[in-house]
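**Student:** Shown below is the structure under consideration.
The values are calculated or read from the model by the stated rules, or taken from the named source; none is laboratory data. Note that this is a predicted model, so its numbers are computed, not measured. Quick reminder, even Gly has a Cβ in these numbers, built from the backbone with ideal geometry, and neighbours come from all protein chains shown. These area figures cover heavy atoms from the full protein model, side chains too; ligands, DNA and RNA do not enter into them. Shrake-Rupley method; radii C 1.70, N 1.55, O 1.52, S 1.80 Å.
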Amino acid sequence: VDVSLLCNDEMSAPPIEAVSRDLDLPLSFAQQRLWFLDRLEPNSPFYNIPENYRINGPLKTDILEKCINAIVERHETLRTTFHTIEGAPKLQIHSASNIKIKVSDLSTLSKQERQQKSEKILNRNALTAIPLDQLPLFRFELIKLSPDEHIVSLVLHHIISDNWSTQVLMREIAINYDSFVRGENSPLKPLHI
């Protein structure tokens, strides 16, 4: 196959341009579908994307919270809600607000109790519906098992994320955490779109 035939200028897509946030922004087709499914079966956790991460070693909760807020400020989708106006879906991008991490400290419990309680928390987070019209459309909880052992529970609604994007999100949180612990600014460049 001649690759040059597949990569000519006639087939290249135009660059993606940023648009004013003052406009009435349309939902993507995937967002429209998920909005419709949410109307069809309200209060369903079916489109939750739960991710759990075990962190070994000391963890500074205040730095982790700072990382979450930096990522929420960086990604508009984490500040977006979806509303029904005159029967049609509309999205609203909000300004950044201060997200507080929910911390469940299980460190004083026995090993068996920690296991049972952490599983209960993870299941509750995964199976609790996320309303599309209320910020945030994600749930972030830190479960402290011991001073050097934690579980991060992250649940995002599929209307604002997917599995690949969730991995990007966690990688960016880790990058910021390393920088913030050293007293440096975020090395992540602002997004153009």
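**Student:** If I filter the range 50-72 for residues that are of a type in the set (Val, Ile, Thr) and in contact with an Asp or Glu (Cβ under 8 Å, 6 or more places away or on another chain), do I get at least one hit?
**Tutor:** Scanning the range 50-72, I find at least one residue that is of a type in the set (Val, Ile, Thr) and in contact with an Asp or Glu (Cβ under 8 Å, 6 or more places away or on another chain), so the answer is yes.
**Student:** Additional query: In the range 68-85, which residues are surrounded by 14 or more Cβ atoms within 10 Å (Cβ to Cβ) and not in a helix (DSSP H, G or I)?
**Tutor:** Once the filter is applied, which keeps residues that are surrounded by 14 or more Cβ atoms within 10 Å (Cβ to Cβ) and not in a helix (DSSP H, G or I), the range 68-85 yields 75, 80, 81, 82.
**Student:** Of 130, 160, 143, which residue is out of contact with any Ser or Thr (no Cβ under 9 Å at 6 or more places or on another chain) and either touching a residue at least 12 places away in the same chain (Cβ under 8 Å) or open to solvent by less than 50 Å² (accessible area, probe 1.4 Å) (or both)?
**Tutor:** Selected residue: 130, the only one of 130, 160, 143 that is out of contact with any Ser or Thr (no Cβ under 9 Å at 6 or more places or on another chain) and either touching a residue at least 12 places away in the same chain (Cβ under 8 Å) or open to solvent by less than 50 Å² (accessible area, probe 1.4 Å) (or both).
**Student:** Follow-up. In contact with a His (Cβ under 9 Å, 6 or more places away or on another chain), open to solvent by less than 60 Å² (accessible area, probe 1.4 Å), assigned to a loop (DSSP other than H, G, I, E, B) and among the aliphatic types (A, V, I, L, M) - does that describe any residue in the range 47-67?
**Tutor:** There is at least one residue in the range 47-67 that is in contact with a His (Cβ under 9 Å, 6 or more places away or on another chain), open to solvent by less than 60 Å² (accessible area, probe 1.4 Å), assigned to a loop (DSSP other than H, G, I, E, B) and among the aliphatic types (A, V, I, L, M).
**Student:** Of all the residues that make up the range 48-80, how many are polar (S, T, N, Q) and more than 13 Å from the chain's Cα centre (by Cα)?
**Tutor:** Number satisfying all stated conditions: 2.
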